[in-house]
Amino acid sequence: MKTQFTPKTRKVAVIGTGFVGSSYAFSMVNQGIANELVLIDMNKEKAEGEARDINHGMPFATPMKIWAGDYKDCADADLVVITAGANQAPGETRLDLVEKNVKIFECIVKDIMNSGFDGIILVATNPVDILAHVTQKVSGLPNERVIGSGTILDTARFRYLLSDYFEVDSRNVHAYIMGEHGDTEFPVWSHAQIGGVKLEHFINTAAIEKEPDMQHLFEQTRDAAYHIINRKGATYYGIAMGLVRITKAILDDENSILTVSALLEGQYGISDVYIGVPAIINKNGVRQIIELNLTPHEQQQLEHSASILKQTRDRAFV
Ligand code: NAD
């Protein structure tokens, strides 16, 4: 007699099929990460259009079921990725979006949970740290199962810019951006290295954070979204690839270390705030937050960033 085998679904739902959500869907298909991908948007026609367009490339990709659906389709999803909401207009900061997007999120998260969903939620909408916290509170899910994309994109931008400067493959450049995904983020120079060698050895300095070229690279990282929005109106490919990277770490139970927004509960001496930190990510979400031995200046930058996030969150009535 044949034994029954039920493969794991590997189903992902995306809420919001604008620039970020549709780029995520496109990147998911090209990397063949999931078996099922359901696209949900209050503009149903937009979601349907995206599903049709991507499905027409299926003969060139790994088979995947993609369709425009509804919140009830979240019920058996392993992961829901939220990219819905307002995005930054030129000159607007991410924190300026808080009131509009908190309201939108209260409804979206209730609709997800009403489906019976019991998986992991990954948030990308800005201000991402605050909206991850809203999502955790409204959903009632354990905090390790609500993750914000945090500084995954900022860290990728930083690694790319350093790799370009030092002419070394960005995959061999290890350097974190921590803190708010926004204006108070900071580079962890004390742990930046290329192939196991501390960054200061490459430019022969004892004070890397004061080196003008390095300062410039960090400013280019921190302000990248403003520069891109001024040129093309929005940023989406980089974050979409970052979201796929987190998705893969979850679905493949990778135990990968990625800089995501996670709830601090005493780590770094800080509590009750979602903020960008390196964390081990696997099928349960955030397995562990990595506590780096920060310099006093870096610790002070993290505390400053956390206090700005808390103030903004409290103003938004969370
Ligand atoms: P967009 O305007 O192109 O798309 C937003 C989509 O959300 C639209 O299709 C809209 O119909 C949908 N939507 C709005 N309210 C909804 C609701 N209540 N229910 C369902 N769908 C709803 O915007 P975008 O460029 O895709 O950006 C989306 C978000 O991602 C913004 O907040 C932006 O700031 C953020 N973002 C984050 C990062 C990051 O690093 N975390 C990077 C880039 C953009």
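Structural remarks
- Using alpha-carbon coordinates, inclination of helix 128-139 to the longest axis of the chain, degrees: 40 degrees
- All other residues whose Cβ lies under 9 angstrom from that of Lys65 are scored, Lys and Arg at +1 and Asp and Glu at -1, for a net of 0.
- Environment charge at Gly18 (Cβ cut-off 11 Å; Lys +1, Arg +1, Asp -1, Glu -1): -1
- Taking the DSSP beta bridges with both ends in the chain, the antiparallel portion is around 50 percent.
- Helical runs assigned H by DSSP (4 residues or longer) give the chain a calculated mean residue ellipticity at 222 nm of -13000 deg cm²/dmol, each run adding -39500 (n - 2.57) before division by the residue total.
- Equivalent ellipsoid of segment 152-316: semi-axes from √(5λ) of the C-alpha gyration tensor, largest first, are 23, 19, 18 Å.
- Put the Cα centre of segment 92-109 next to the Cα centre of segment 244-265 and the gap is 23 Å.
- Cα convex hull of the chain, projected area averaged across orientations, nm²: 18.1 nm²
- Dipole in debye (nearest 20) - segment 11-148, about Cα centre, beta carbon charges: Lys, Arg +1; Asp, Glu -1: 20 debye
- Taking amide H as placed 1.01 Å from N in the peptide plane, the amide H of Gln288 sits under 5 Å from that of Ile280, each at least 5 places away or on another chain.
- 0 to 90° range, to nearest 10: angle between helix 19-31 axis and the chain longest Cα axis: 80 degrees
- Residues whose amide H falls under 5 Å from that of Leu79, counting only those 5 or more places apart or on a different chain, are Lys11, Ala13, Ile120, with hydrogens built in the peptide plane.
- Under DSSP loop assignment and at most 16 Cβ neighbours within 10 Å, longest chymotrypsin sites (Phe, Trp or Tyr not before Pro)-free interval of the chain: 6-316
- Exposed-loop-free span, longest in the chain, where trypsin sites (Lys or Arg not before Pro) count as exposed if DSSP calls them loop and at most 11 other C-beta atoms lie within 10 Å: 9-318
Bear in mind these aren't lab numbers, they're just calculated from the coordinates by the rules spelled out. Computed from a predicted model, the values in this text were never measured in an experiment. Counting neighbours? That spans all protein chains shown, and the Cβs are built from the backbone with ideal geometry, glycine included.
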